[in-house]
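Asker: First, the structure itself, so that you have it in front of you.
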Amino acid sequence: MKSTVELEIAVPKHKLAALFADPGNMTKWMDDLERYEHLSGDTGMPGSRYRMVPKAGTSQMEFIATVTARDLPDELGLKLESPTVDVAIRCTFAALSAHKTKLVSEEVFMFRGLFNRMFGFLARNEIRKHHRRHIGAFKRFAERRM
């Protein structure tokens, strides 16, 4: 299953990409994330890994994230892994003007096992809504920082 969100954000491209690529910022805009825990590698660089720990009582699950690509300010790639689903994330940043950037976030979900694939199929609208909510929250966070 694939989900794509495109938003225009009133932040220069290089600043927006840097904000998004820093895992330390995630708890500032993801309201269902308690913390991130660095596991290995140079933070935010290809091959580095960290654990995303959700807040108690939320529907968010715990993931191990690996940075798969980092070509800032143009692109960032992540792979999120859990026991039930893997998510490949590709974010691209395109300058629309000196102070406005188009962020395109693509998430591809690969569910493990028949039950999880059926759940993913049934929950696809909710998953897409959750993706849009997270990227919208990032937009608000980034624009407040300007």
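Asker: Quick one: how many residues across the stretch 103-134 are of a type in the set (A, V, I, L, M, F, W, C), in contact (Cβ under 8 Å) with a residue 40 or more places away in the chain and over 24 Å from Thr68 (Cα atoms)? Give the steps one after another, and end with the answer.
Answerer: Taking the stretch 103-134 as the starting set, the residues that turn out to be of a type in the set (A, V, I, L, M, F, W, C) are 103-104, 108-111, 114-115, 118-119, 121-123, 127.
So of that shortlist, the ones also in contact (Cβ under 8 Å) with a residue 40 or more places away in the chain come out as 103-104, 108-109, 111, 121, 127.
Imposing the further condition that a residue be over 24 Å from Thr68 (Cα atoms) reduces the set to 121.
So the count comes out to 1.
Asker: Could you please find all residues in the stretch 100-131 being of a type outside the set (Phe, Trp, Tyr), surrounded by 15 or more Cβ atoms within 10 Å (Cβ to Cβ) and within 20 Å of Phe63 (Cβ to Cβ)?
Answerer: If the condition is that a residue be of a type outside the set (Phe, Trp, Tyr), surrounded by 15 or more Cβ atoms within 10 Å (Cβ to Cβ) and within 20 Å of Phe63 (Cβ to Cβ), then Ser105, Glu106, Glu107, Asn116, Arg117, Gly120, Ala123, Ile127, Arg128, His130, His131 are the ones that fit.
We did not get these values from a lab; they are worked out from the coordinates using the rules stated. Quick caveat: nothing in here was measured; it's all calculated off a predicted structure. Here the Cβ is made from the backbone with ideal geometry for all residues, glycine too, and neighbour counts use every protein chain on show.
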